[in-house]
Amino acid sequence: MPLFYPYVYSSNFNEIKPKIKKQDISVLDIEEKIIDDSIDKYSLFFRTDHHWTPQAGVWVSENICEEINDSYGWGLDTEIFNIDNYDIKTYANAFLGSQGKRVGALFDGVDDFYIVKPKYDTNLTVDIKDIGFDVTGDFQETMLHEESITPDNLLNKDDTAYDTYMRGNHSLVKITNHNMSEGKTALLVLDSYGCVVAPYLSLQFSQLDCIDIRSYTDPIEDYISKNKPDIVIYAISNHQ
């Protein structure tokens, strides 16, 4: 934006947070973690898009698991989220995000896009009913769809590189981790930022069901009553 352009940002999160805590519900404020860890917040995002990078998704998953361990005494393995445990493949100049599409690639260039894949063994089943996807395999086979990366068609209207993870946004995604059959179960209520969080977070649960609050139409309370997850993680961006 031009210098001194008025940036309007509104959020009621700071008012809601103490009220949630009064209900004895754990609250993780990622913005506070960024400040505490002296992280350049811009490094967590694509330059031409408002979403987190996949590397940030790994870091956020680590913080969620640390918060769960601290609050509920669980033994989730946060060491698994050390970025050294992942292979990172870079597609150079392969992503023009939603903000970049508004102003054009000539204004600020395009982003590199990253495939962040565990080096360790993974065995997952991912069920996305609204697109008829029900596949068992490793992280690459179930969580990644690199065909969405189209550097020769940056203005792709049908697919974006961000859809590489979990094949984009869906009302309900069920992830079964066969390597943690005795682990905890969780419901993750998310928005589009969760596309690069859920794949990594699922590696610490035997079952992670993901509900996109923007498109899921049935009462979430009914889903919880029926499936009885060990924990409900409500991970929604707070900007408006």
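Any read-out appearing in this document is the output of simple, stated calculations on the displayed coordinates, not a laboratory observation. Computed from a predicted structure; not experimentally measured. Please note: Cβ atoms are built from the backbone with ideal geometry, for glycine as well, and neighbour counts cover all protein chains shown.
Before moving on, here are some points about what is shown:
- Residues whose amide H comes within less than 5 Å of that of Phe45, counting only those at least five positions distant or on another chain, are Thr53 (H built at 1.01 Å from N in the peptide plane).
- In sequence order, the stretch 187-194 has phi-based couplings of 10, 10, 8, 9, 10, 5, 4, x Hz under the Karplus curve 6.51 cos²θ - 1.76 cosθ + 1.60, θ = phi - 60°, and Gly or Pro positions carry x.
- Percent breakdown of C-alpha pair distances by 5 Å bin, ordered from the shortest bin, for the stretch 43-87: 5, 23, 24, 18, 15, 10, 4, 1
- The share of Cα pairs per 5 Å bin across the stretch 120-240, counted from zero up to the longest distance, runs 2, 11, 21, 23, 20, 13, 6, 3, 1, 0 percent.
- Helix-only [θ]222 nm of the chain, DSSP H runs n ≥ 4, -39500 (n - 2.57) each, per residue, nearest 500: -7000 deg cm²/dmol
- As a calculated quantity, the FRET efficiency between Ser98 and Ile34 at R0 = 30 Å, using C-beta atoms, amounts to about 0.85.
- Subset of Lys21/Lys41; Lys119/Lys174; Lys117/Lys226; Lys41/Lys117; Lys119/Lys226; Lys19/Lys119 violating a 30 Å alpha-carbon distance limit: Lys117/Lys226; Lys119/Lys226; Lys19/Lys119
- The stretch 6-61 shape via C-alpha gyration tensor axes, a/c threshold 1.5: oblate
- Available extension along the chain between Leu155 and Tyr42 is 38.3 nm, counting 0.36 nm per residue and deducting the alpha carbon span.
- For Trp74, neighbours were defined as the other residues whose beta-carbon sits under 12 Å from its Cβ, and their charges (Lys and Arg +1, Asp and Glu -1) total -4.
- Separation of the stretch 197-234 from the stretch 130-159 is 22 Å, based on Cα centroids.
- Extension gain for Ala105 to Ser225 (0.36 nm times residue separation, less C-alpha to C-alpha distance): 38.5 nm.
- Mean separation of Cα contacts under 8 Å (6+ apart) over length of the stretch 50-128, as relative contact order %: 31
- Paramagnetic label reach from Tyr120 (point 7 Å along Cα→Cβ; backbone nitrogen cut-off under 14 Å): within the stretch 169-201, residues 178-181, 183, 200-201.
- Taking a straight line from the alpha carbon of Lys22, these lysines sit under 23 Å away, with near neighbours fewer than eight places off in the same chain left out: Lys33.
- Given their separation in residues at 0.36 nm each and the Cα-Cα distance between them, Leu3 and Asn238 gain 82.1 nm when the chain is fully extended.
- Order of Lys184, Lys41 - criterion: other Cβ atoms within 10 Å of each residue's Cβ, fewest first: Lys41, Lys184
- As a ratio to 2.2 N^0.38 Å, the alpha-carbon radius of gyration computed for the stretch 18-235 takes the value 1.02.
- Cα gyration tensor category, rounded, prolate or oblate, for the stretch 1-95 with a/c compared to 1.5: oblate
- Fewest neighbouring Cβ atoms within 10 Å first, the residues Trp74, Trp52 line up as Trp74, Trp52.
- Selection of trypsin sites (Lys or Arg not before Pro), the stretch 73-133, meeting DSSP coil and at most 15 other Cβ within 10 Å: Lys119
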